[in-house]
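Encoded as C-alpha cells, the structure appears first; notes follow it.
The values are calculated or read from the model by the stated rules, or taken from the named source; none is laboratory data. All of these numbers come straight from a predicted model, not from anything done at the bench. Neighbour counts are summed over all protein chains in view; Cβ atoms, including those assigned to glycine, are modelled from backbone coordinates with ideal geometry.
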Amino acid sequence: MKKYWWKILSVTLILYTIVGGLLFDVPRLNIVNETIRALYFHVPMWFGMVVMFLVSTVYAALYLKNPIPKNDTYSISFAHVGLVLGMLGICTGMIWANYTWGSPWHGDPKQNGAAIALLIYFAYFILRGSVTNNEQKARLSAVYNIFAFTTMIPLIFIIPRMTSSMHPGSGGNPGFNMYDLDSKMRMVFYPAVIGWILLGTWIATLRIRIQLVEEKIEDYEDEQSR
Amino acid sequence: MKTLQLIIKESQLELRRKSVISGLALYLFSTVFIYYLTFSLRQNLINPFVWSALFWVTILFSAVNSISKSFIGEKRGQDIYFYSLTSPESIIISKLVYNFFLCLLLSFTGYGLFMIFINNPVVDHSIFACTIMLAAWGFSSSLTLLSSIAAKANNSSILMAVLSFPVVISILLLVIKITKNCIDGLESSVSYDEMVTLLAINCLVTAMSYLLFPYIWRS
C-alpha cells in the first residue's frame, strides 16, 4: 500500500476528471459553449508532456555527469511518454479547434509551435535509431535531448505569446482565469493535471522496469554463452 | 590564443581547398538563378512575402550545407590530434566564430544575388542588416553543435537535416517576421521586441553549444 498509493490516486483522479469533466456545470460562453470541457483533457495533457520532457532532460543531464546506462533508460522512457502525451494533447486540441475554430488545423501559432516541438522529439528518436554503439547513442541523444528542450522553450512559451493567436489565453482572448470567476472549473482542472502527470510517471516506470529486466536478461545470456 | 589560431587554421584550410567555398557559391548562385528562371515569366508573382520566404529558405539550406561540413570534413586521426592539443571549449568557439563568418558571407552574397536577379523590396536596410547578422549567429550556433552530433552518428547527411530543421524553425520564424516589417517599411522600433527575443535565443543556443560540446568531443 505504501508503495503504490500514488497509482491508485492517479486512476481515481483521472476517473474523477472524466466523470466530473463531462457532467459538472461549466460556464456558458459565446462560441466556446460546451467545448470548454476540452480544457479538462487538453491542457493537463500538455502540462504532463512538459513535465515528462523536463524529467527526461534532467536524466539526460545526469547521464552526462554520471554515464551509467540507468540514467539513459530513465531519460528515454520519460521522453517516450512525453511524446505520447504531446500527441494526445495535439489530438484533443484538434478536436476542440474543429468545433470552435471551424477546422482541426487552423495554422495558429500555438498549433504550429506544438507541432514543431513534437518534430524535434521525433528527430530525437531518429537520432537514437541511427547510432549503433550503445554508449555513443546514449551520450549523443542526451546532448540532443538537452538541446531540444532548451530550443522547445521559446517555441512553446515565448513565440506564441508574441504573435496574435486565437488560442484562449493569448492575443486578448479570454484565458483560463476569465472562464471561471467562481473557480468551479479548478475543482476538476487541478486534479486532472496531477492525475495525468502521475499516470505518465507510472507508464514511464513500467517501461523503465521492462527495459532494465531486458538488459539483465541480455547480460545473463551473454554470460551463459561464454 | 589557441582559439584564434584555430580560427586562422580553419580559414586557411578553407582557402586552400577552394573547391568547397566555390561549390557553396555556385550552389547559392544556381538556386537564385533557378528562382529567376522559374519566376521570369511572372515577375509580379514575387511579392514581398514570397521574396522573404524564398530568401530565408535559400540562406537556411546553404547554411545547413556549409556548416554540416564543419565536422564531417575532418579526417579520422585529426580528431585525436586536436584532442591532445587543445581543449574542446576552444575548438567549439573557433568553429562557432568561423561558421558565423561563413554564414554572414553566405547571407550577404545571397542578398546581393537576390538584388541582382529578383528584386530588393527591403526598405529598412539597417534593421535588415542587423537581422542578417542575428540570423547568421543563430544558424551558426545551433547548426554547429548539431553537425558535430551528426558527424558522430554515421548517416550524417540525412540526420543533419532531420536534426536541424525543427531546431532552427523558431529562429527562422522570428527572422521572417522582422523581414516583413523591414519590407513594409515600418518604424524600426516595431521590430525591437523580436530582435531582443532573437538575441536571447541566440545567447541561449550558444551557451548550450558551449556547455554540451565537450561531452560529444570526448567520445
Out of all the residues in the stretch B:128-139, is one or more hydrophobic (A, V, I, L, M, F, W, C), out of contact with any Pro (no Cβ under 9 Å at 6 or more places or on another chain), farther than 23 Å from B:Gly23 by Cβ and free of Cβ contacts under 8 Å to residues at least 40 places away in the same chain? yes
Without any contact (Cβ under 8 Å) to a residue 12 or more places away in the chain and buried (at least 20 other Cβ atoms within 10 Å of the Cβ): does that describe B:Ile169? yes
For the stretch A:112-226, which helices (runs of 4 or more DSSP H) that fit wholly inside it have 3 or more residues that are away from chain B (no Cβ under 11 Å), surrounded by 14 or more Cβ atoms within 10 Å (Cβ to Cβ) and at pLDDT below 90? A:186-225
Can you spot a residue in the stretch B:20-39 that is closer than 30 Å to B:Leu212 by Cα, part of a helix (DSSP H, G or I) and without any contact (Cβ under 8 Å) to a residue 40 or more places away in the chain? yes
From the options B:Leu102, B:Leu146, residue that is within 22 Å of B:Leu28 (Cβ to Cβ), of a type outside the set (Lys, Arg) and free of Cβ contacts under 8 Å to residues at least 24 places away in the same chain: B:Leu146
Do the conditions hold for A:Ser75, that is, is it over 21 Å from A:Ile197 (Cα atoms), more than 8 Å from every other protein chain (Cβ to nearest Cβ), touching a residue at least 60 places away in the same chain (Cβ under 8 Å) and in a helix (DSSP H, G or I)? no
Listed by first then second residue, the pairs whose first member lies in the stretch B:187-208 and is within 16 Å of B:Leu172 (Cβ to Cβ) and more than 11 Å from chain A (Cβ to nearest Cβ), whose partner is part of a helix (DSSP H, G or I) and at pLDDT 90 or above, with beta carbons under 8 Å and at least 6 positions apart or on separate chains, are B:Ser191/B:Thr131; B:Met195/B:Cys130; B:Met195/B:Thr131; B:Met195/B:Leu134; B:Leu199/B:Leu134
Please determine whether any residue of the stretch B:148-158 is within 11 Å of chain A (Cβ to nearest Cβ), surrounded by fewer than 22 Cβ atoms within 10 Å (Cβ to Cβ), under 20 Å from B:Leu106 (Cβ atoms) and at pLDDT 85 or above. no
